[in-house]
Amino acid sequence: MQTQMDKRVRAAQFRDRMARALRESGKTQSALAREIGVDRSTISQILGNSGARLPNAQVVGACASALGVSADWLLSLSDRPESAADLLSNSLSMTEAPRALVDERIFHWHKEAAGYKIRHVPAALPDMLKTRAVLEWEYAPHLGRTADQAIGASEDRLQWMRGTQSDYEIALPLYELRSFAHGTGYYEGLPLDIRLEQIDRLVHLADQLYPRLRLYLFDARKVYSAPLTIFGPLLCVVYAGSHYVAFRDRERVETFTGHFDNLVREAELTARHVPAHLHSLRAAIN
């Protein structure tokens with residue numbers, strides 16, 4: 001274990017990592033010495049010393065900061081050379097979420113995770129399962145004259161997502177399908193014939209794509225989820241409306257994966273029962 005590393009080994013590895021960081025930074029020993037406020041001979045001694053002694057914490061920290069690496073990495077306490085700030089920046093990012101179907105960012109994430117299971121809690125019905133009529137009704141008020149063009153441009157991406165080798169698990173609250181079927185809440189004003197066509201499409205896709213596509217319906221009074229998508233072990237993206245919040249560190253991805261798996265465990269209706277539920281909703285409104 002790293003905490004039990006022999007002092008001489010740790011010191012030798014410190015010198016190796018220090019020399020590597022200095023080389024990759026493009027700085028000279030003199031330039032580094034000036035930047036951290038020591039004599040050039042101090043840097044030479046640090047790199048040339050063959051003993052077990054390490055520089056004091058202040059010098060180690062100053063060297064790490066000047067070279068753009070972490071002090072923990074120089075001291076063999078971490079295998080990641082990035083600084084804590086860089087690690088945080090790489091593991092958490094925020095990007096704008098345009099009001100459009102399958103924007104370039106979403107499509108890139110799906111391609112990156114091709115072959116991995118994708119777990120999805122949509123904000124409404126999943127875009128990749130919607131009929132064109134529903135897409136036009138939903139997006140036209142925002143996109144105006146470009147709605148038809150935007151939908152057409154997205155159809156190829158939607159088709160690619162449906163045809164990729166990724167398995168999809170989609171968890172929806174029960175009330176979402178009920179509201180859609182009855183044209184209430186978010187779906188108020190959506191014509192009956194469009195709703196019937198959409199339900200038929202959901203039944204068809206749930207049957208046709210099973211088991212690669214699995215739908216689960218949970219009771220939001222028992223469990224809750226914000227809209228999110230988990231791209232295998234690589235990435236979790238939370239949809240905040242105007243922005244996507246993306247997590248790439250393994251611990252957070254695993255945490256959100258556990259959250260999604262709990263939605264599946266608590267589901268009132270599993271993938272095999274969803275088609276029958278859709279048929280019952282259709283019968284109730286027709």
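Nothing in this text is a laboratory measurement; each read-out follows from the coordinates by a stated rule. Given the structure is predicted, the values throughout are model-derived calculations rather than measurements.
What to note about this one:
- Annotation: amide H-H contacts under 5 Å for residue 218 (H modelled 1.01 Å from N, sequence separation of 5 or more, or interchain): 172, 174, 268.
- Taking 35, 266, 155 in turn, the Gaussian network model of the chain (Cα-Cα springs below 10 Å) assigns the largest fluctuation to 35.
- Reachable lysines from residue 130, criterion Cα separation under 26 angstrom, eight or more residues apart if same chain: 111, 117
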